Amino acid sequence: WHPIGDADSTAFQGTFDGNGYGITMLQTEEPVAGCGPRGLFGAIGKGGVVKNVGIAACNMRGWDNIGAIAGVNNGTIEDCHVVFSLMSTIGTGKNLGGICGLNRGTISKCTTEGNVWVGGVRDYAGGICGTNEGGTLSGNTTAAICGSGSDATLPEAASEQ
């Protein structure tokens, strides 16, 4: 899979409503250095909305900013669900999350279930987002995540964000 809106300059600006449907076994193409954010959407722009979609058993691999729904969120992600997925980085990657890698927008009423595995992360991993940079998180529920990597910041148990 090649992400929709694979950089901030080409970020998704529309509305994607999954109508409660799910996507299974989504897998990114083999990453190279500096390949951009990875997820169903690489980057969601300030006007972008992604809602009502589930992702199960996905395998997202990239450099930085990796999540099942979006690598980078500057818009809105709501009512999205991720189950049993794997996010991993190459090199000195950072910002891995069950929903998105780097959040600057709004994430609400999203869940991760089962184990969300992260591997190879250098910095910042989380069940909802790896890093929240001034964004809003509300009404989200995450299962515990499992991971490995030097200096990774990982939650130890299920929580609400």
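The values are calculated or read from the model by the stated rules, or taken from the named source; none is laboratory data. Every value quoted in this text rests on a predicted model; they were computed, and no experiment measured them. Don't worry about glycine lacking a Cβ; one is built from the backbone with ideal geometry, like all the others, and counts go over all protein chains shown. When the accessible area is computed, the model is the full protein with side chains, heavy atoms only, and any ligands, DNA or RNA have been set aside. Shrake-Rupley method; radii C 1.70, N 1.55, O 1.52, S 1.80 Å.
Reported value for region 1-113: 77 Å³ per residue, from the convex hull of its C-alpha atoms.
Each label point was placed 7 Å from the Cα along the Cα-to-Cβ direction; for GLU29 and SER138 their separation is 3.8 nm.
Here the accessible area is traced with a 1.4 Å probe on the protein chains. For region 19-71, carbon and sulfur cover 51 percent of it. Extension gain for ALA7 to ILE90 (0.36 nm times residue separation, less C-alpha to C-alpha distance): 28.1 nm.
May I ask you to list the GluC sites (Glu not before Pro) in region 29-113 that are in a DSSP loop and have at most 12 other Cβ atoms within 10 Å of their Cβ?
Of the GluC sites (Glu not before Pro), the ones in loops of region 29-113 whose Cβ has at most 12 other Cβ atoms within 10 Å are GLU29.
The loop-placed trypsin sites (Lys or Arg not before Pro) in region 1-105, going by DSSP, that have at most 15 neighbouring Cβ atoms within 10 Å of their Cβ come out as LYS46.
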